[in-house]
Amino acid sequence: MKRTKSGLLVLVVIVGMTASSCKTDGTNEWEQIAHINEIAGTWEGSFTLKIDDHGFFHDSYSFQFDVPIPATSVFYEYYIVEYEENSNEIFAKTKIVYDKLLGDTIKVNKGHTKDTLWDNLTAYYEPIMDYMNITIGKYYIIMENFNGIDNMDLSGFYLNSDKTRLKMVIPSGQKSKWEVTLEKK
């Protein structure tokens, strides 16, 4: 099994996130984590990824489908991160539901069906199936990945003041970033 040096970041980039609807309520202060052991435990969340009609991930999906896509969204039914204190690996699992993105895309691209676009998208995942456990269902993908923590960049990982929420802020393109907040379980 191949390991990525950037750990959890590979899973994040592959799933194509640009923004998250998860926001803080203003009462929590966020502090950057100093050591991976600070996030020991299981963290879970779900969110809707909004895809604007421009930008890095909009262009990425347009390329994968081989047709232009409109402004739309992708639903992450669950996103789970698990880390055992002092472990050498971190586990991430997500289920991405593409039904809305496919439906919106065929509305502006006559002659295509959800199934033809789905075939194009799932072909994109074939190269990474060697080092990630990927399950492909009807308009959804489940990804599971264990990553080594050596050289893992923690600069985008934050905990709230009571250490019950984990925020991950990851660059996605030259000027944009995505942000997701998970709850400790």
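The values are calculated or read from the model by the stated rules, or taken from the named source; none is laboratory data. Predicted model, so just to flag it, every value in this text is computed and none were measured. We place every Cβ from the backbone using ideal geometry, glycine too, and count neighbours over all the protein chains shown.
Here is how the numbers come out for the structure above:
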| read-out | value |
| --- | --- |
| Scan of the stretch 71-86 for residues that are more than 14 Å from the chain's Cα centre (by Cα) and surrounded by 15 or more Cβ atoms within 10 Å (Cβ to Cβ), ordered by number | Thr72, Glu82, Tyr83 |
| Matching entry among Ile96, Ile90, Ile170 (being β-branched (Val, Ile, Thr) and either surrounded by fewer than 16 Cβ atoms within 10 Å (Cβ to Cβ) or farther than 19 Å from Phe47 by Cβ (or both)) | Ile90 |
| Every residue from the stretch 134-161 that is in contact (Cβ under 8 Å) with a residue 60 or more places away in the chain, among the hydroxyl-bearing types (Ser, Thr, Tyr) and surrounded by fewer than 19 Cβ atoms within 10 Å (Cβ to Cβ) | Tyr140, Ser155, Ser161 |
| Unmet criterion (only one of (1) under 30 Å from Glu31 (Cβ atoms); (2) at pLDDT below 90; (3) touching a strand residue (DSSP E or B) at 6+ places or on another chain (Cβ under 9 Å)) for Tyr125 | (1) |
| Which listed residue, of Thr135, Thr181, is in a strand (DSSP E or B) and in contact with a Cys (Cβ under 7 Å, 6 or more places away or on another chain) | Thr181 |
| Ile51 vs. criteria farther than 24 Å from Asn147 by Cα and buried (at least 19 other Cβ atoms within 10 Å of the Cβ) | yes |
| Asp130, sole failed condition from (1) over 24 Å from Phe47 (Cα atoms); (2) crowded, with 16+ Cβ neighbours inside 10 Å | (2) |
| Pairs, first under 22 Å from Ile69 (Cα atoms) in the stretch 107-133, second in a helix (DSSP H, G or I) and hydroxyl-bearing (Ser, Thr, Tyr), C-beta under 8 Å, six or more apart | His112/Thr105; Leu117/Thr105; Leu121/Tyr61 |
